[in-house]
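Read-outs: derived from the displayed coordinates by stated rules, not from any lab. All of these numbers come straight from a predicted model, not from anything done at the bench. In this analysis, Cβ positions are derived from the backbone assuming ideal geometry, glycine residues included, and neighbour counts consider all displayed protein chains.
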Amino acid sequence: MSAILREKYIQAEAVKEISAHILEDPFGRFSLKGMNGSMSSCVIAAAYDISKNPFVVVFSDKEEAAYAFNDLQQLISEDQVLFFPSSGQRFIKKQTQQINTLDRTLVLKALTKSAFKSVIVTYSEAIMELTSISSDVKEKSIELVQGEEMIMDLLVEELNERKFERSDFVYEPGQFSWRGGIIDVFSYTSELPFRIEFNG
């Protein structure tokens, strides 16, 4: 159903015109007005299909952005649509804050890749919040390669420097545990923790 709907919008003259403007000026800013319900999501999905450029779609508030995000995941695909929320540090409980931090980090990580071609859905509060530049994200990342030599104490020191919290069990981003030759790390860029086993 979503493919049929998207195809109808692709054929619409207004969508072709929007797409032509995007192709003409890929870094331009465009405003869509007077659209109700899921109409804006359908137009965005169709224009994205035609142009194949990365999009940043900014809504006025979180609720509107969340609805559009769900629509666009159905119309385009889940792996091509990313949500960039505010961290909500002052207003929401810790668990939601950590999920938002994970989502923000995933978007920032995706933006550092040269082949980035996704749609980012966000809202005004989220983009007004200060965030790390891509060089900082790369600098603060710890890259481990299987089979490569690594000193366990050095890894623990690196995690402490990056403000990871040591706990008995890891169940949320920003935590790590250390038992013997095993370190479990819950990264901000992963939905599940990593287990690192040291031999010798």
Computed for the stretch 2-135: size of charge dipole around the Cα centre, +1 on C-beta of each Lys and Arg, -1 on C-beta of each Asp and Glu, debye to nearest 20, value 400
Restricting to bridges with both residues inside the chain, how much of the DSSP beta-bridge set is antiparallel, in percent to the nearest 5? 45
Once phi for every residue in the stretch 117-122 is put through the Karplus expression 6.51 cos²θ - 1.76 cosθ + 1.60 (θ = phi - 60°), the whole-Hz ³J(HN,Hα) values, with Gly and Pro written as x, are 9, 9, 10, 9, 9, 8
Alpha-carbon centroids, the stretch 141-179 and the stretch 1-79: separation in whole Å: 40
Summed residue charge, Cβ within 14 Å of Tyr123's Cβ, Lys/Arg positive, Asp/Glu negative: -4
Taking the reciprocal of mean 1/r across every pair of different Cα atoms in the chain, the Kirkwood radius in Å is 19.2
Any residue on another chain or 5+ positions along whose placed amide H is under 5 Å from the amide H of Val121 is listed here as Val57, Leu82, Phe83, Phe84
In the structure shown, of Lys16/Lys117; Lys52/Lys113; Lys33/Lys109; Lys33/Lys62; Lys52/Lys109, the pairs separated by more than 23 angstrom at the C-alpha atoms are Lys33/Lys109
Can you sort Leu192, Leu111 so the residue with the fewest Cβ neighbours within 10 Å comes first? Leu192, Leu111
Under 16 Å by backbone N from the virtual spin label 7 Å along Cα-to-Cβ at Ser141, the residues of the stretch 108-127 are 108-117
Nearest 0.05, what FRET efficiency do Arg195 and Lys16 give at R0 = 45 Å with Cβ-Cβ as r? 0.35
In the stretch 145-174, the trypsin sites (Lys or Arg not before Pro) that sit in a DSSP loop and have at most 11 other Cβ atoms within 10 Å of their own Cβ are Lys163
Can you tally the net charge around Gln146? Count Lys and Arg as +1, Asp and Glu as -1, for every other residue whose Cβ sits under 13 Å from the Cβ of Gln146. -3
Full-extension gain between Asn53 and Glu7, please, as 0.36 nm times their residue separation minus the C-alpha to C-alpha distance. 14.8 nm
I need to check one value: relative contact order of the chain, counting alpha carbon pairs closer than 8 Å and at least 6 residues apart, in percent. 16
